Structures are given as C-alpha cells and as structure tokens.
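**Q** Have a look at this one.
The values are calculated or read from the model by the stated rules, or taken from the named source; none is laboratory data. As the structure is a computational prediction, the values presented were derived from the model and not from experiment. Cβ: placed from backbone, ideal geometry, glycine included. Neighbour counts: every protein chain shown. Remember, those area values only see protein heavy atoms, side chains included, never the ligands or the DNA or RNA. Shrake-Rupley method; radii C 1.70, N 1.55, O 1.52, S 1.80 Å.
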Amino acid sequence: MFKGFGRSQRASAAAVEQPALDVKPRHIGLIMDGNGRWAQQRGLPRIAGHHAGMLAMKEAIRACDDFGIECVTLYAFSTENWKRPAAEVDYLMRLPEQFFRSEIDELVRRNVRVRFIGDTERLPTHTQETVRRAIQCTQHNTGMIVNFALNYGGRMEIVAAMERYAREVMEGRATVGQLTEATCDRYLDTAGLPPLDLVIRTSGEIRLSNFLLWQAAYAELWFTDVLWPDFTRDDLYQAICDYAKRKRRFGAIE
Ligand code: FPP
C-alpha cells in the first residue's frame, strides 16, 4: 500500500509568527490545485501529490482556525473528477477516511464542525460512511465550519436548488413570483453558511472550475502559482492581508 511522501522544504519550513488580522474574510473557499504537477515534478505517482495535498489541507484548516476564520470550503473532488483514471479516483475516495482517522480528535478539540456539499449519495459506500461519521462526531461543535465540497459542481448545485424550489411549489409550500436572491440561498447546499468572501486558487490556473458559482458572485479572488502541496500558512496569511486591502463596493460607488 502506498504510504505517501512528505511535503517539500518550502511547505515544511517553520511559519513566522504573524500579527493579528483586523479585517478578515468570514468564509474562504480553497481550490486546491496542482497536486498532480507537484508529484510529476518529483517523478512520483499522481497519488503522492494528493497525499501531500491532504497534508497541506490539514495545515490550511489549522491556520484558518488560528486566524479566526468562521468557515472554510475545500474543493476536494469535483463532479468532473470522475473522468480521471479509476485508480486515482479510488485513491481520492479513500483520502477522507485517512484524513479523519488522524484528524478527527484535533477537529473535535478545536470545536470544528464538519459539513459536506455536493452529491455525497453517489460516493462509494465506504466514503459515505466516513462522511456520515465526521458529521456526526462534530455536529454539536460551535466553532469554525470546515465544509468539504465532495462530488461537487456549482452548476449541479444550482440545478438541484431549482428542483427543490419546483418541488416546494408543486407541494404548495412556495409560491411562484416570490423567489428572491436571498430566498434562493436556502435551496443551495451552502444554506446557513456565511457569505463567501474570498476564493483562493493555487497552481497558476485562473478560473473557478465550477466552484461555488452562485456564492462567488461578489467574492474576492486570489491566485498564486504555488502548487497546492506547497501552500503554507504564510501563503494563507498573505492572501488574507491582500483581501483586507481590497475595496469591496458590491457594485456601488464608494
Ligand atoms: C487538484 O489537483 C486536486 C484534487 C482533484 C484533489 C484535492 C484533494 C485534496 C487536496 C485532499 C482531499 C482530502 C480530503 C480528506 C477530502 P490536480 O490533481 O488537478 O493537479 P494537477 O492540475 O497538477 O494535475
């Protein structure tokens, strides 16, 4: 069985103490991209990149909590990722189990609540079981929300929301003509989460790739060439500092 490889020098360098953040996003979305290229650069199999990506994800979650972020949504597996070779998909479907086996105690200690968005009912049974257990173990926690997007696609989420709304209309629980942007929110997988303020994408790609399409309408976007397994607490801090400098006008003028 593949045991995994450590992160690079850059990623494992001790983080410098960062000053407290005055302005910070409530909800951060992370598009964790570049695992495959990270592995390729080292002559390793792609799954080694995903393993290192999981280690980077652990650090990012810790850092978000330490920085006082209310919610972080992690793009772990998209609806398009099923097109990858079966062995890679199988490895990715086993990562949650590996992750929660080592992390659940710390997440509980940190008062973190775990949530999932996406169609988790189509995941393999063993992954669904892990998802169910993680939600159950943390359901009474009141601290940061760690929200995994697993078998998630923004368009699929919007279609599912339309279906839910149509069903309510058919059953007489909603009325046509009364739908607003605010009421739309409650049909989405992210219902109840704080508004998305900042989306971070690693690996030099500059697109959303079907991630939180509705929610990202007014989010700030932050891109870096760093490959996900090399992403550090310092990078996250930098992203938040840059966010704090942005002028968010939401379409208004000053
Ligand atoms: C994209 O990199 C990354 C993924 C498809 C998987 C991301 C998942 C993790 C970091 C860990 C998930 C863990 C849990 C517990 C849910 P890529 O493979 O597309 O990289 P490339 O563009 O360089 O090929």
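**Q** Being within 16 Å of the ligand (Cβ to nearest atom) and without any contact (Cβ under 8 Å) to a residue 60 or more places away in the chain, is that true of even one residue in segment 159-179?
**A** no
**Q** On to the next question. Across segment 228-254, what is the number of residues that are in a helix (DSSP H, G or I) and of a type outside the set (D, E, K, R)?
**A** Result for segment 228-254: 10.
**Q** Identify all residues within segment 203-227 that are touching a Leu at 6+ places or on another chain (Cβ under 9 Å) and either part of a helix (DSSP H, G or I) or open to solvent by 50 Å² or more (accessible area, probe 1.4 Å) (or both); write none if there are none.
**A** Within segment 203-227, 206, 214, 215, 216, 217, 218, 221 qualify.
**Q** Which members of segment 62-78 meet the condition of being open to solvent by 10 Å² or more (accessible area, probe 1.4 Å) and aliphatic (A, V, I, L, M)?
**A** 76
**Q** Now for a different question. Among the residues of segment 54-77, are any more than 11 Å from the ligand (Cβ to nearest atom), in contact with a Cys (Cβ under 7 Å, 6 or more places away or on another chain) and touching a residue at least 12 places away in the same chain (Cβ under 8 Å)?
**A** yes
**Q** Assuming residue 83 fulfils every condition listed in (1) open to solvent by less than 70 Å² (accessible area, probe 1.4 Å); (2) within 14 Å of the ligand (Cβ to nearest atom); (3) on the phi < 0 side of the Ramachandran plot apart from one, which condition is it?
**A** Going through (1) open to solvent by less than 70 Å² (accessible area, probe 1.4 Å); (2) within 14 Å of the ligand (Cβ to nearest atom); (3) on the phi < 0 side of the Ramachandran plot one by one, residue 83 breaks only (1).
**Q** I would also like to ask the following. For segment 30-45, give me each residue that is more than 6 Å from the ligand (Cβ to nearest atom) and not hydrophobic (A, V, I, L, M, F, W, C).
**A** Correct list: 40, 41, 42, 43, 45.
A quick yes/no check of all residues on (1) surrounded by 17 or more Cβ atoms within 10 Å (Cβ to Cβ); (2) small (Gly, Ala, Ser):
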{"site": "95", "(1), (2)": "yes, no"}
{"site": "101", "(1), (2)": "no, no"}
{"site": "106", "(1), (2)": "no, no"}
{"site": "122", "(1), (2)": "no, no"}
{"site": "125", "(1), (2)": "no, no"}
{"site": "132", "(1), (2)": "no, no"}
{"site": "135", "(1), (2)": "no, no"}
{"site": "139", "(1), (2)": "no, no"}
{"site": "149", "(1), (2)": "yes, yes"}
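**Q** Looking at 107, 95, 30 in this structure, which one is touching a helix residue (DSSP H, G or I) at 6+ places or on another chain (Cβ under 7 Å) and within 20 Å of residue 155 (Cβ to Cβ)?
**A** Answer to the check: 30.
**Q** Among the candidates 188, 236, single out the residue that is in contact with a helix residue (DSSP H, G or I) (Cβ under 9 Å, 6 or more places away or on another chain) and either crowded, with 20+ Cβ neighbours inside 10 Å or aromatic (Phe, Trp, Tyr) (or both).
**A** The unique qualifying residue is 236.
**Q** Would you mention how many residues in segment 73-106 are in contact with a Leu (Cβ under 8 Å, 6 or more places away or on another chain) and among the small types (Gly, Ala, Ser)?
**A** 1
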